[in-house]
1. Can you work out the PRE-style zone for THR420? Point 7 Å along Cα to Cβ, and I want the residues of the stretch 473-499 with backbone N under 11 Å.
2. Give the residue from LEU266, PRO439, ASN66 lying farthest towards the positive end of the charge dipole for the chain; charges sit on Cβ (+1 for Lys and Arg, -1 for Asp and Glu) and the dipole is referred to the Cα centre.
3. Using the per-residue mean of other Cβ atoms lying within 10 Å as a proxy for protection, in what order, highest first, do the peptides 442-448, 361-367 fall?
4. Using label points projected 7 Å from each Cα along Cα→Cβ, tell me how many nm separate GLN520 and ARG386, to one decimal.
5. Would you tell me the accessible area of SER369, worked out with a 1.4 angstrom probe on the heavy atoms of the protein chains, in Å² to the nearest 10?
6. Work through the residues other than LEU256 whose Cβ is under 11 Å from its Cβ and net out their charges, Lys, Arg +1 and Asp, Glu -1.
7. Which of the lysines could a cross-linker bridge to LYS148, judged by Cα under 20 Å and excluding same-chain residues fewer than eight apart?
8. Taking every DSSP beta bridge with both residues inside the stretch 289-435, roughly what % is antiparallel (nearest 5)?
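The values are calculated or read from the model by the stated rules, or taken from the named source; none is laboratory data. Predicted, not measured: the structure shown is a model, and the values here were computed from it. No Cβ is skipped: glycine too gets one built from the backbone with ideal geometry, and neighbour counts run over all protein chains shown. Each accessible area value is taken on the protein alone, full model and side chains, heavy atoms only, with ligands, DNA and RNA left out. Shrake-Rupley method; radii C 1.70, N 1.55, O 1.52, S 1.80 Å.
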Amino acid sequence: MSTRIVIDTGRRRLIGAAGAAGLITLLGPRHAPAAEAHAAMPAAGATPGFKPDVEMDLDAVAGEINVLPGNATRVWRFTGRVTQGDPRALSFLDGSRHIPVIRVRRGQKLRINFTNRLPEDSIVHWHGLHIVQRMDGHPMYAIGSGRKYVYEFVVDNRAGTHWFHPHPHERTGFQVYFGMAGLFLVADDEEDAARLPRDEFDLPLVLQDRTFNAANQLVYVAPGMMDRMMGFQGDRVLVNGAADYTRAVQRTAYRLRVLNASNSTLYSLRWSNGRPLTLIGTDGGLLERPMTRGSLTLGIGERAEVWVDFSSQQPGDEIALVADSWSPSLENITSLQTGAAPVQGGRPIARFRVANGGARKLELPQRLSSFPALKIEDAVNRARPRTIQLSMQRGQAMLNGRVFGRMDEVADDEKVRLGTTEVWEFANDASFGMRMAHPMHVHNLQFRVLERSRPAQPGRVQQALGAGLTDEGLKDVILVMPGERVKVLMKFEDYTGIYLYHCHILEHEDLGMMRNYLVQA
Ligand code: C2O
Ligand code: CU
Ligand code: CU
């Protein structure tokens with residue numbers, strides 16, 4: 001049983017959920033622990049010699065949005081505008097008007113003037129980007145209320161669906177839950193050549209589960225140890241911030257970019273008409289060629305790009321993306337809430353209604369992209385991979401028995417050499433402590449999955465989720481289920497410095513299931 005709290009983000013006050021007994025009341029936002037760190041590292045200012053192709057202001061603010069009929073919902077959110085360059089570089093998702101989308105091309109120089117207008121520390125992390133340490137949004141760079149942080153970098157990723165969210169230590173789950181997350185879409189020449197559906201036929205779908213109280217205000221878990229261990233699951237899935245996402249589509253092909261931006265919930269997605277899903281991309285961009293899946297599993301932070309062709313549908317047809325929602329302990333939330341049978345008990349989260357008009361058939365390209373070479377032969381530790389044990393014991397969520405410590409703390413076994421390729425093995429042996437799935441994320445790079453060992457007897461849920469895993473392509477999050485070990489291959493290129501690796505269950509990350517690694521020259 002979890003204690004629920006409601007936050008009034010505008011007035012900086014947490015109030016107990018009405019009606020229940022034994023509720024906690026907390027005062028004000030937590031004091032963020034980054035104070036010493038940003039005293040030592042003043043917020044970056046604009047560099048006179050840096051000539052951006054695109055410059056924008058991005059503010060974190062308290063505000064209100066309309067999600068459900070009736071009262072507006074108080075949130076924290078990004079606002080902003082382009083001050084130089086293509087104004088389309090910053091927009092807000094259809095319907096929501098509060099989920100920002102940054103669209104840039106590889107090679108572009110970007111300046112983003114971030115202002116923190118929240119009543120507590122924050123900093124923005126660009127999830128998926130290959131970027132210098134100072135621009136990565138590590139919690140050591142968190143800035144106080146009213147302060148500004150200037151990001152300047154060259155977009156150096158291949159085309160892909162990335163995203164951004166705050167990363168202050170111990171407050172990431174809270175800030176993301178209350179509305180702080182956006183998409184960061186990179187385009188490049190190779191993607192242009194694949195001739196995929198674009199503009200209105202290129203649809204991002206941001207999945208987030210939320211719980212609302214009777215006054216339409218967001219309810220989050222209490223920051224108690226046990227609640228954080230279990231993570232937060234909401235009782236409805238919002239798509240692009242909308243409670244009932246429905247969209248008219250034309251009789252042609254679409255590119256869907258699905259992001260799981262939930263705090264702790266895993267999704268298993270399928271089409272309501274039983275057709276397989278055509279997967280064309282994962283975290284780090286397009287696959288080499290399309291592949292089909294009966295269902296798609298998305299851990300927290302993972303992206304899946306899907307090709308869908310409505311040309312053979314009749315006007316008026318409705319097709320829905322159906323989601324089973326799973327807690328990281330692999331309990332089916334959908335079935336708990338609806339009483340429906342697990343696995344089959346999914347709910348439609350996004351409905352596509354086929355509009356009138358002629359069908360326009362588009363060929364699914366058989367060749368989508370080519371990958372940068374990452375060769376196992378190049379790994380310096382092929383015989384002895386760096387193993388990271390994931391564990392949950394005595395109220396702690398740990399990596400190799402450690403939690404996040406000092407902002408710049410790096411253990412000897414967390415140091416790597418610039419220019420080398422390594423095998424890392426995430427081991428969720430779960431031989432004691434709590435059995436949970438952990439979506440493991442590494443900052444600053446994209447890796448390839450080498451192998452995934454399955455436990456001898458995976459449960460039914462684990463089998464169902466296992467069938468839809470997206471281990472293909474370039475990845476920056478990998479779901480590691482209980483009893484599994486996943487080996488990944490990664491190269492530390494271009495930048496030295498401190499970067500994070502962590503569990504992307506935001507409550508686990510906030511509990512300290514996060515560590516630094518250091519890239520040394
Ligand atoms: Cu999505 Cu460390 O982040
Ligand atoms: Cu990240
Ligand atoms: Cu975890």
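1. Counting only backbone N, you get 492.
2. Result: ASN66, furthest along the dipole toward the positive end.
3. Details: 442-448: 22.9, 361-367: 11.7.
Put in order of decreasing packing, that is 442-448, 361-367.
4. Output for this residue pair reads 1.1 nm.
5. Estimated to the nearest 10 Å², SER369 gives 10 Å².
6. Details: positive: ARG247, ARG255, ARG257, ARG303; negative: ASP202, GLU305.
Taking every Cβ under 11 Å from that of LEU256, the sum is +2.
7. LYS51, LYS109
8. Numbers: 12 of 17 bridges.
Given both bridge residues lie in the stretch 289-435, the antiparallel proportion sits at roughly 70 percent.
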